[in-house]
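The values are calculated or read from the model by the stated rules, or taken from the named source; none is laboratory data. Everything numeric here is computed off the predicted structure, so don't read it as measured data. Ideal geometry is used to build each Cβ from the backbone, glycine not excepted, and the neighbour counts take in all protein chains shown. When the accessible area is computed, the model is the full protein with side chains, heavy atoms only, and any ligands, DNA or RNA have been set aside. Shrake-Rupley method; radii C 1.70, N 1.55, O 1.52, S 1.80 Å.
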Amino acid sequence: MIYRTIASIAQRDRNFFISLISQATTLSQLNQIHANLIRNGLSNDLITITKLTHKFSDFKSISKAKNLFTTFNNTNPPDLFLYNVLIRGLSRNGLGVEALSLYLDLLKGNKLKPDNFTFAFVVSGFSSSGCEKVGILIHGHVIVSGFGSDVFVGSALVDMYMGFSRIGHAYKVFDGIPERDSVLWNTMVSGLVRNCCFEESIRVFGDMVVKGTGFDSTTLAVVLTAVAELQDLRNGMLIHCLAVKMGYDVHEYVLTGLISMYSKCGDVSTAKLLFGMIREPDLISCNAMIAGFCFNNENESSVRLFRELLVHGEKVNSSTIVGLIPVSCPFGHLTLTCSIHGFCVKSGMVSNPSVSTALTTVYSRLNEMELARRLFDESPTKSLASWNAMISGYAQNGLTEMAISLFREMQKLDIHPNPVTITSILSACAQLGTLSMGKWVHDLIKKEKFESNIYVLTALVDMYAKCGNIEEARQVFDSITEKNVVTWNAMISAYGLHGRGREALVLFDQMLHSGVSPTGVTFLCVLYACSHAGLVEEGQKIFHSMSHDHDTEPLPEHYACMVDLLGRAGKLENALEFIYEMPLEPGPAEWGALLGACMVHKNIDLARLASDKLFVMDRGSVGYYVLLSNIYSADRNYCQAASVRKVLKNKNLAKTPGCTLIEVNGYQHVFTSSDQSHPQAAAIYAKLEELMEKMREAGFHTETSTALHDVEEEEKELMVKLHSEKLAIAFGLLTSEPRTEIKIIKNLRVCVDCHNFTKFVSKVTDRVIVVRDANRFHHFKDGDCSCGDYWNKGSEIAQTTYRMGNVKEYVTKSLMGVHQSPHKGGYKIPDISRCLCALQRAC
């Protein structure tokens with residue numbers, strides 16, 4: 001119809017052509033209209049050409065739009081409206097630099113001045129370009145020009161800063177606008193969601209509702225995303241009620257948001273009910289349902305719905321695939337993941353950043369790190385989420401040096417981290433115990449303005465605690481104004497880790513009084529703290545209160561903690577009675593805790609009983625065999641000890657070699673037992689001999705009760721004398737200033753002799769020595785330990801587990817991969833985390 005109309009034109013006025021331009025639906029139609037404009041003498045008509053430029057920009061024909069603009073010159077100059085139209089078109093088509101160039105061209109003239117639309121369009125051109133510095137400069141122009149409080153410009157600035165993850169800057173802009181409209185509020189809420197600040201986004205939405213600003217279905221859809229990520233069913237249901245009240249519950253994207261929310265909160269039946277309410281589900285709602293099934297481990301249902309889409313000829317997209325990939329429940333689904341990966345390769349969707357990130361995440365969670373890294377390296381476009389997935393994958397699998405290395409590579413490429421990146425790298429620092437790196441990340445948090453993010457601050461508390469700085473952890477904890485249950489758990493766990501059970505109990509009471517409800521993890525942290533501080537009565541009261549006062553049923557982990565608590569206190573019969581009275585079937589954790597207690601209290605009969613149970617339940621764990629052998633050796637029953645070790649040899653079970661890390665001037669140094677590979681080995685051994693001489697004069701005697709029985713006493717002393725932590729401490733004394741604190745990290749639990757050794761060293765050298773072993777922290781000062789020699793009562797076998805097969809060769813290669821660093825002669829070990837972190841988890 002429009003073609004016949006154009007063909008019949010003789011001489012028409014401006015309004016007629018403007019109407020035709022508005023009705024045009026193809027680029028071909030626009031070209032014909034342009035030809036007729038020239039024919040009718042309207043090629044220089046500013047209003048008509050502005051409308052045509054706008055339409056060409058919408059059709060992504062930017063070259064045509066620019067050509068139209070250039071038809072105007074000094075004698076017939078463009079007006080501000082035309083400038084704005086073209087700047088908008090350039091920005092929306094990803095040509096931010098050209099939009100900026102046109103803006104600068106506008107500034108050169110004396111007659112025209114940019115208005116709020118100009119600035120909003122220029123700013124939007126840099127929201128996704130990555131040119132943060134240019135965006136900040138434009139913001140400066142905005143302020144100088146008097147548009148700093150304009151709501152239209154403000155929305156564009158908030159969106160830009162959120163795109164750069166500059167949440168603090170976005171808040172400053174937002175707070176500086178006195179009259180905010182719904183668009184600005186929506187931009188703020190969606191920006192916070194994009195930056196994973198989910199709780200903050202819900203708070204801002206609450207402020208929006210309280211202030212009476214009209215929200216729409218878009219607002220609800222965005223805030224439902226935050227609620228879904230937090231798995232906050234209560235708030236989700238409140239928003240659902242609000243949607244029903246306002247009539248937005250019939251909007252498909254709100255329904256889709258509700259499907260996602262209920263699915264992620266574990267209520268998949270309600271999600272299916274809502275899905276059934278959609279008469280003709282589109283791809284987006286189907287994607288939400290597929291993801292919902294997958295999230296709840298109903299993979300057969302998700303695959304079935306996916307197949308239905310393919311059968312009906314529906315063209316699936318990257319969101320469909322991401323929902324289908326079993327990210328939340330990957331275990332046991334490696335074959336499904338590989339099949340999806342194959343489908344993505346065939347369909348070409350493997351290059352999509354979201355798809356490759358989801359696959360990387362699953363491979364990482366399944367400990368298939370080679371597959372994950374290969375996929376990451378092959379991805380042509382790496383989003384921030386891709387980097388986060390790979391970094392967190394390394395951190396979660398104990399490959400902390402790889403995580404830190406990749407993070408540094410990301411920094412070199414000037415890719416700004418978001419809160420997810422920061423929490424992952426803090427986790428790596430915590431595992432490795434690198435306080436210097438952790439402090440550097442803390443400085444980065446301040447620089448990136450993440451100090452208000454609860455997840456970042458909680459990770460910071462955990463990092464400082466696990467790096468031995470409990471006071472700094474408490475300072476960060478106290479700086480958090482609104483603490484969630486995870487934050488409280490982190491600090492309570494930190495006190496338990498450092499043997500400060502009383503402080504943990506005080507903090508637990510403060511948590512209850514603050515109105516935060518404890519979880520099962522909270523109780524585990526408190527019981528752990530009680531166990532390591534010998535607070536038997538307090539621990540029993542806490543355990544009793546779980547089900548009676550807090551409606552939390554104890555899990556096997558809680559029962560194991562109670563056995564450990566009683567066993568450490570020497571109440572072995574009570575511990576055994578507790579095991580027999582458990583409503584659950586006792587497992588390796590409970591019997592292992594009892595066996596460890598038998599080691600300290602020399603109860604051979606109970607040790608046999610516990611070990612018999614353990615050897616049936618967990619045949620592959622060498623830790624139980626070693627512990628039983630040590631019990632026999634301590635009782636001088638060497639025949640039985642040899643018999644147990646022979647079983648170990650016949651079963652081809654290998655004990656994990658011990659190693660100790662010490663950080664000096666930002667460099668990590670690792671020692672193994674009898675290590676001779678360090679460049680300063682001669683000085684270290686000389687220092688160790690000097691220490692031993694002083695300590696013997698002070699009354700130190702080597703503890704050899706658990707050493708091999710078939711060697712001379714002198715040889716036994718030599719064996720325990722050269723343990724890795726002793727070498728690390730000697731090195732620390734050599735390389736640090738007098739009276740400064742020494743911190744070391746041991747991958748296994750410290751032995752009796754090394755514990756006594758460190759006590760004497762702290763006395764004769766007047767040093768504070770902090771030791772992190774597989775169970776806890778020990779703070780040695782003036783010949784005393786913070787654990788009150790309670791460290792070895794009981795055993796957390798799970799922390800000192802071992803592997804079958806060739807793990808010894810695997811670990812030894814990692815340990816012996818020591819090399820001289822090219823920087824300042826630093827002595828490093830590649831992938832040290834295999835020794836300190838991955839062993840416990842991988843075993």
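How large is ³J(HN,Hα), in whole Hz, for each residue of the range 236-248 in order, when computed from phi with the Karplus curve 6.51 cos²θ - 1.76 cosθ + 1.60 and θ = phi - 60°, using x for Gly and Pro?
Each residue's phi maps through the Karplus curve to give x, 5, 5, 5, 4, 4, 5, 5, 5, 4, 8, x, 8 Hz.
Tell me whether the range 155-246 comes out rounded, prolate or oblate; compute the Cα gyration tensor, take square roots of the eigenvalues as a ≥ b ≥ c, and use a/c under 1.5 as the rounded threshold.
Oblate shape, in that a/c is at least 1.5 and b/c is the bigger or equal ratio.
Using a 1.4 Å probe, how large is the accessible area of Leu572, given in Å² and rounded to the nearest 10?
Roll a 1.4 Å probe over it and Leu572 shows about 10 Å².
Once the Cβ-Cβ distance between Gln475 and Thr519 is put in as r, and R0 is 35 Å, what FRET efficiency do you end up with, to the nearest 0.05? Show your work: numbers first, answer last.
Details: r = 25 Å, r/R0 = 0.70.
FRET efficiency, Gln475 to Thr519: 0.90.
Order the peptides 293-306, 420-433 from the highest to the lowest mean number of other Cβ atoms within 10 Å of their residues. All intermediate terms of the calculation are to be shown ahead of the outcome.
Working: 293-306: 18.9, 420-433: 25.4.
Those peptides, ordered most packed to least, come out 420-433, 293-306.
If one computes the Cα centroid of the range 443-477 and of the range 42-92, what distance in Å separates the two points?
The range 443-477 and the range 42-92 have Cα centres separated by 52 Å.
So if each residue of separation counts as 0.36 nm, and I subtract the Cα-Cα distance between Lys172 and Ser383, what length gain in nm does that give?
Between Lys172 and Ser383, full extension yields an extra 73.3 nm.
Which residues' amide hydrogens lie under 5 Å from the amide hydrogen of Cys659, considering only partners 5 or more residues apart or on another chain, with H built in the peptide plane?
Asn747, Leu748
Relative to the present Cα-Cα distance, how much length would full extension add between Asn665 and Glu370 at 0.36 nm per residue of separation?
Extra length from Asn665 to Glu370 when fully extended: 103.0 nm.
Note the full-extension length gain between Val244 and Phe615 as 0.36 nm times their separation in residues minus their Cα-Cα distance, in nm to one decimal.
Working: separation 371, 0.36 × 371 = 133.56 nm, distance 5.87 nm.
Net length gain for the segment: 127.7 nm.
Counting C-alpha atoms alone, how compact is the range 455-504: give Rg to one decimal and Dmax as a whole number, in angstrom.
Computed over the Cα atoms of the range 455-504, radius of gyration and Dmax are 9.5, 27 Å.
Kindly list the residues of the range 92-107 that lie in the label zone of Leu27, defined by a backbone N under 17 Å from the point 7 Å along the Cα-to-C-beta vector.
Those under the cut-off are 92-95.
With r as the distance between the Cβ atoms of Ile415 and Val345 and R0 = 25 Å, compute the FRET efficiency 1/(1 + (r/R0)^6) and round to 0.05. Before the final figure, lay out each step's value.
On the way: r = 26 Å, r/R0 = 1.05.
Once the sixth-power term is evaluated, E becomes 0.45.
Heavy atoms only, 1.4 Å probe, whole protein assembly: order Lys64, Lys245, Lys781 by accessible area, highest first. Before the final figure, lay out the partial values.
Working: Lys64 80, Lys245 165, Lys781 120 Å².
Final ranking, largest accessible area leading: Lys245, Lys781, Lys64.
Setting aside same-chain residues fewer than 8 positions from Lys315, which aspartates and glutamates have a Cα under 16 Å from its Cα?
Glu280, Asp282
Describe numerically, in nm with one decimal, the distance between label points set 7 Å from Cα along Cα→Cβ at Glu482 and at Val768.
The two pseudo-label positions are separated by 3.5 nm.
Convert each backbone phi in the range 505-516 into a coupling constant with the Karplus relation 6.51 cos²θ - 1.76 cosθ + 1.60 (shift: θ = phi - 60°), then list the ³J(HN,Hα) values in order as whole Hz, x for Gly and Pro.
With coefficients 6.51, -1.76 and 1.60, one gets 5, 4, 5, 4, 5, 4, 4, 4, 5, 7, x, 7 Hz.
With θ taken as phi - 60° and the coefficients 6.51, -1.76 and 1.60, list the Karplus ³J(HN,Hα) couplings across the range 729-743 in order, rounded to whole Hz; mark glycine and proline as x.
Ordered by residue, 3J(HN,Hα) equals 5, 4, 5, x, 5, 5, 9, 10, 6, x, 6, 7, 6, 10, 10 Hz.
Charges only on Cβ, +1 for Lys and Arg, -1 for Asp and Glu: so what's the dipole of the range 175-289 about the Cα centre, in debye to the nearest 20? The partial results should precede the final answer.
Values: 9 positive and 14 negative charges, 48 e Å.
Dipole of the range 175-289, to the nearest 20 debye: 220 debye.
Please enumerate, by chain and number, the aspartates and glutamates with C-alpha under 18 Å from the C-alpha of Lys245, excluding those fewer than 8 residues away in the same chain.
Partners within reach: Asp216.
Of Leu595, Leu512, which has the most accessible area with a 1.4 Å probe, and how do the rest follow in descending order?
Leu512, Leu595
Could you tell me the calculated FRET efficiency between Ala682 and Asp443, based on Cβ-Cβ distance and R0 = 35 angstrom, to the nearest 0.05?
Values: r = 38 Å, r/R0 = 1.08.
Once rounded, the FRET efficiency stands at 0.40.
Please label the shape of the range 326-378 as rounded, prolate or oblate, based on the square roots a ≥ b ≥ c of the eigenvalues of the alpha-carbon gyration tensor (a/c under 1.5 means rounded; beyond that, a/b larger than b/c means prolate, else oblate).
Oblate, because a/c is 1.5 or more while a/b does not exceed b/c.
Going Cα to Cα from Lys781, which aspartates and glutamates come in below 15 Å? Please leave out same-chain ones fewer than 8 positions away.
Glu741, Asp766, Asp789
Set the bar at 31 Å for Cα to Cα. Now go through Lys55/Lys113; Lys211/Lys272; Lys133/Lys211; Lys60/Lys412 and name every pair that lies beyond it.
Flagged as over cut-off: Lys211/Lys272; Lys133/Lys211; Lys60/Lys412.
Under a 1.4 angstrom probe, counting protein chains only, how are Thr270, Thr434 ranked by accessible area, largest first?
So, going from the largest accessible area down, we get Thr270, Thr434.
Per-residue accessible area for His678 at 1.4 Å probe radius, Å² rounded to 10?
10 Å²
Peptides 691-700, 755-764: what's the order by average Cβ count within 10 Å, highest mean first?
Sorting 691-700, 755-764 by mean packing, highest first, produces 755-764, 691-700.
Once each part is reduced to its C-alpha centroid, what is the distance from the range 222-246 to the range 98-118 in angstrom?
43 Å
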